[in-house]
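Everything below concerns the one structure shown next.
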Amino acid sequence: MITNRPGLSGRVALVTGGNRGIGRAIVLALAEAGADIAVNYRSRETDAVQVKARTESYGRRCIAVQADVSVAAEVSRMVQRVEQELGQVAILVNNAGIARPQPYENITEKDWDEIIDVNLKSVFLVTQAVLPGMRAAKWGRIINLSSAAVQLGGIIGPHYTASKAGVLGLTHSYASLLAKEGITVNAVAPALIETEMIAGLPQAQPERIPARRLGTTGEVAGAVLMLAHNGYITGQTINVNGGLYMS
């Protein structure tokens, strides 16, 4: 069922890494709520095209934009195209990320740099690129995907955990700076969501979770959608983790 709450109808949303997994679920939830969507992807174009078609079936405008969001020039090109074809970005979901499980003693400088660039630097680059439009409109929603690994250490490695902890730092800083301008900035911290990424982790067992099951991508998307609608929640981390970490 398509819903059209006034808060999102006609808004333009950019979702990085929106072609699969959690990103895909977020794209579809925002589209059902009335937003027009820019689906960013780095690879797997076929997935992006499929998400675009599904989004358009809801009657929304949608474009799929290939860009490596850890590279400033590509971010600039992506945002310019979104603004030209859809309009100013009102909702940004920084979802793009990678996870490479490694024993901590095997992590190299190259491994560290790649994880930090994709998971953390990208959040800074894309946020900086869309902020002028949000500030001019005096309205914006920025939602960053972090992880329960920040609170518990995680099962992937210290490079991943550090990148996701940095996302929370950026969230708090931008939230405090932008609250007076009608722009909210929040984070969502999932744990063990049933995705392709988690399927490759033998440690990711439902028994680790008090709820005794993996979470769904739709449950994460629901938290993102709530934050997109709400103008009074800012600087917060919404934990979607089946009770694994209780704040």
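The values are calculated or read from the model by the stated rules, or taken from the named source; none is laboratory data. All figures in this text were calculated on a predicted structure; none of them were measured in a lab. Cβ: placed from backbone, ideal geometry, glycine included. Neighbour counts: every protein chain shown.
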Within region 171-193, which residues are touching a helix residue (DSSP H, G or I) at 6+ places or on another chain (Cβ under 7 Å) and surrounded by fewer than 21 Cβ atoms within 10 Å (Cβ to Cβ)? 181
Kindly indicate which of 67, 35 is in contact (Cβ under 8 Å) with a residue 40 or more places away in the chain and small (Gly, Ala, Ser). 35
Does residue 219 qualify as being modelled with pLDDT under 95, of a type in the set (Asp, Glu), surrounded by fewer than 20 Cβ atoms within 10 Å (Cβ to Cβ) and farther than 25 Å from residue 113 by Cα? no
Would you point out the residue of region 124-172, among those that are touching a Gly at 6+ places or on another chain (Cβ under 6 Å) and not hydrophobic (A, V, I, L, M, F, W, C), that is nearest to residue 107 (Cα to Cα)? 161
Scan of region 88-109 for residues that are surrounded by fewer than 16 Cβ atoms within 10 Å (Cβ to Cβ), in contact (Cβ under 8 Å) with a residue 60 or more places away in the chain and not basic (Lys, Arg), ordered by number: 101
Residues that are among the hydrophobic types (A, V, I, L, M, F, W, C), part of a loop (DSSP other than H, G, I, E, B) and either modelled with pLDDT under 95 or over 21 Å from residue 129 (Cβ atoms) (or both), drawn from region 26-35: 33
Check residue 23 against each of (1) outside any helix (DSSP H, G or I); (2) closer than 28 Å to residue 192 by Cβ; (3) out of contact with any Lys or Arg (no Cβ under 8 Å at 6 or more places or on another chain) and name the one condition it does not meet. (1)
